[in-house]
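Worksheet for the structure shown next.
The values are calculated or read from the model by the stated rules, or taken from the named source; none is laboratory data. Nothing here was measured: the structure is a model prediction, and the numbers come from that model. Cβ placement follows ideal geometry from the backbone for every residue including glycine, while neighbour counts extend to all protein chains displayed. Heavy atoms of the whole protein, side chains included, go into the accessibility calculation; ligands, DNA and RNA do not. Shrake-Rupley method; radii C 1.70, N 1.55, O 1.52, S 1.80 Å.
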Amino acid sequence: MTAPVIAPQRRTRRGSELFLLIFVVLLAAVVSVAIEGALGEGVTPAPLWFAATLALMFGITHVAIRLFAPYADPVLFPLVALLNGLGVALIHRLDLAAAAPNERFKVHFLTGNASLQLAWTAVGLVLLIAVLVIIRDHRSLARYSYTLGLVGLGLLAVPALLPASLSEVNGARIWIRFAGFSIQPGEFAKIAVIVFFASYLVAKRDVLSLASRRIAGIDFPRGRDLGPVVVAWLASLLVLIFEKDLGSSLLFFGIFIVMLYVATQRTSWLLIGLMLFAGGAFVAWTLFAHVQDRVAIWLHPFKDANGKGFQIVQALYGLATGRLFGTGPGAGRPEIVPYANSDFIVATIGEELGLFGLTAILVVYALIVGRGLRTALTVRDSFGKLLAAGLAFSMALQVFVVVGGVTKLIPLTGLTTPFLSYGGSSLVANYVLVGLLLRISDAARRPPASQQAVQPLANAPTEMVRL
Amino acid sequence: MPEVVLAVTRIGFLALLWVFVFVAVGVIRSDLFGNRKTRQPPPVRRASAPPPPRPAKVKRGRTAKMLVVTEGTLAGTQISLGALPITIGRANDSTLIITDDYASSKHARISPRDGQWLVEDMGSTNGTYLDRAKVVGPTPVPLGAPIRIGKTVLELRS
């Protein structure tokens, strides 16, 4: 009786993705030309090889996305690829700085840390494709949520249980080292735990959001519903105590509180979370010397500028040297900062690309997080919503903690900068995270299946979500 | 490498970095609002590409004068249609406030354009259905076609 309603053709926009990826490869080539020009033996074929390697790897991934997640968000992967490409170029730049000037012609992308990072990039991309191939529907993950939760907790606990010789690097017991390999299980635990939180909260959110007591205009949950928050809080304190890892501890607790807030839409959880955090932070500060150390360095880095405060002071000098537009890639001295290629890569960017370049990188992170949250808004099932919001927020919090630490906004904690820092575990785990986000965004943007089957109106397909 | 080339490469890189950011934002923008230049199905005049505003003209004599709730808790309610859009949802400032567990606070809007009434979903959780099809963009509503919002069904009558 009516004219057919034509839904607008939902475009996959894979062409835009390809265009942005070509742009990324171009950017990587330009930055490595600038680095070679400043540090190397003039123009060498190295930038070309580097760009070609990136083009090959990103190209294969692009084809896989076309095949397995054709409606996935077109911007997400190129943004991540940019950070990854720039990261490898900067790690290569720090490799060059570490070599003696007359040895530099031997350093190229197939030596040193840059080659390892490229290899890890390949592993990460293979896992991203594997996520897209194996997980055809993100809702299937909910079935393994308790398994994944246990695996996550296990991964988190392993370094604390292993002897320090196998798990401790620079004071933090967050590693598993064997046969020349070292991995940070916490990076993978993060993803497993977010999946678990998402499915747990979808199941329990009615209880957590409905039963409440009103105090001073804010709905507070009943005492017995506080259980899971207290457990998450204790778990993150245990990580802090036994693994001496401030960053992961903060990250896990923050993710849990925000996902609780997203699931229940109740501000009281944020307040409770902040109070628990303040209490935990104070207790940790009074009890543990390493926490006191970090806080002291944060408050007064210049007191011991050549000792404990050396790293942060040099990072601040580096940022200051960079000024607005930076010294230019390859023209600064970022290698003075210890761990310039991993924890302090933000200082390297600030020094060589300036505030102008660093802001661009932060905007790229903001866009990645924004696309993740957008996916959470668009996707139709609540598990997908919570999962996407949790994954996106975990990246936001991690970037905040790292950049805040390097710029002395908050005490320094040892977290990696996603996709930029040197480190295989972080890179691979973050690619898995992006794979999941791509899968969810594919489900979110996929047009609904054609409604040719005529059904009575009352049985028309619709998903009922009680609000 | 000559100093000039190096300087150009450095500045060029920073400029390109920001160009990339803006291109990415552009892709996001066109993803949100639809790219005007591309793929509009020509035979069906879609509301997303409106012609310059003209005085509303009456089409085929019969225009909708009333919005009637046919099913749901508010069944029997009638709203006279004027020149203003009608918002439907659980929010108190909606024109038609529906108490339906499956409706969102700002669920849908029905607004006049060029003598036609268009229904659009305002980002509801459960969606708005015109006849059996999910409403994706602003969609013209024929007289008597059921608009379904949660458990409530509405239709336009002359």
Review point. Roughly how crowded by other chains is peptide A:23-35, in terms of the mean Cβ count from those chains within 10 Å of each of its Cβ atoms?
Key: 4
Practice item. Report the accessible area of B:I86, computed with a 1.4 Å probe over the heavy atoms of all protein chains in place, in Å² rounded to the nearest 10. Key: 10 Å²
Practice item. Would you mind working out the accessible area per residue for the stretch A:225-335, using a 1.4 Å probe, and quoting it in Å²? Key: 49 Å²
Point to revise | Span-like helix ranges in chain A, DSSP H, alpha carbon extent 24 angstrom or more, Kyte mean at least 0.5 | key: A:14-39, A:46-68, A:76-98, A:112-134, A:185-210, A:246-264, A:267-287, A:345-378, A:382-406, A:424-445
Exercise for review: Any chance you could check the stretch B:113-136 for residues losing 30 Å² or more of accessible area when the partner protein chains are in, compared with the chain on its own (1.4 Å probe)?
Suggested key: B:T125, B:N126, B:Y129, B:D131, B:R132, B:A133, B:K134, B:V136
Practice item. Note the buried accessible area between A and B here, summed over both chains, with a 1.4 Å probe, in Å² to the nearest 100. Key: 4900 Å²
Study note, to complete from the structure: Summed over the other residues with a beta carbon less than 11 angstrom from that of A:P411, with K and R at +1 and D and E at -1, the charge totals +1
**Study point:** Solvent-accessible surface (1.4 angstrom probe) belonging to B:K65, in square angstrom, nearest 10
**Key:** 120 Å²
Review point. Leaving out same-chain residues fewer than 8 places away, which aspartates and glutamates sit with a Cα under 20 Å from that of B:K151?
Key: A:D381, A:E463, B:E71, B:D100, B:D101, B:E120, B:D121, B:D131
Check your understanding: Excluding B:A91 itself, what net charge comes from residues whose Cβ is under 13 Å from its Cβ, given Lys and Arg +1 and Asp and Glu -1?
Key -> +1
Review point. What ranking do A:332-344, A:71-83, B:6-18 get when scored by the average of other Cβ atoms within 10 Å per residue, highest first?
Key: A:71-83, A:332-344, B:6-18
**Study point:** Sequence of A:I361, A:I410 when ordered by accessible area, the most exposed leading, probe 1.4 angstrom
**Key:** A:I410, A:I361
Check your understanding: If the limit is 27 Å between Cα atoms, which of A:K244/A:K408; A:K204/A:K408; B:K65/B:K134 go over it?
Key -> A:K204/A:K408
Check your understanding: Using mean Cβ contacts within 10 Å as the protection proxy, how do A:276-289, B:136-149 order, highest first?
Key -> B:136-149, A:276-289
Revision key, fill the gap. Taking only protein heavy atoms and a 1.4 Å probe, the highest-to-lowest accessible-area order of B:E71, A:E103 is B:E71, A:E103
Point to revise | Cα-centre dipole for the protein assembly as shown with unit charges at Cβ (Lys and Arg positive, Asp and Glu negative), debye to 20 | key: 2580 debye
Point to revise | Peptide B:92-103, shielding by other chains (average Cβ, 10 Å cutoff) | key: 1
Review point. Counting only other chains, what is the mean number of Cβ atoms within 10 angstrom of the Cβ of each residue in peptide B:3-16?
Key: 6
Check your understanding: Toward the positive end of the charge dipole of the protein assembly as shown, about the Cα centre and with charges on Cβ (Lys, Arg +1; Asp, Glu -1), which of A:Q311, A:I129, A:F253 goes farthest?
Key -> A:I129
Practice item. Would you calculate the volume per residue, in Å³, of the smallest convex hull containing every Cα atom of chain A? Key: 176 Å³
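So, by mean Cβ neighbours within 10 angstrom, what's the order for A:184-197, A:367-380 with the highest one leading?
Details: A:184-197: 24.4, A:367-380: 20.7.
The densest-packed peptide leads the list: A:184-197, A:367-380.
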Check your understanding: To the nearest 10 square angstrom, how much accessible area does A:S165 have with a 1.4 angstrom probe?
Key -> 80 Å²
Check your understanding: Looking at the stretch A:7-92, which GluC sites (Glu not before Pro) are in a loop (DSSP not H, G, I, E or B) and have at most 14 other Cβ atoms within 10 Å?
Key -> A:E41
Review point. Rounded to a whole number, what % of the accessible area of the protein assembly as shown do carbon and sulfur atoms account for, probe 1.4 Å?
Key: 65 percent
Exercise for review: Leaving ligands, DNA and RNA out of it, rank A:T359, A:T348, B:T73 by accessible area with a 1.4 Å probe, largest first.
Suggested key: B:T73, A:T359, A:T348
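Quick one: work out Rg over Rh on the C-alpha atoms of the stretch A:262-329, Rh as Kirkwood radius. Don't skip to the end; give the middle numbers.
On the way: Rg = 18.2 Å, Rh = 15.1 Å.
The Rg/Rh ratio comes out at 1.21.
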Practice item. Please list, in chain and number order, the residues 5+ apart from A:I174 or on another chain whose amide H is under 5 Å from its amide H, with Hs placed from the backbone. Key: A:V169
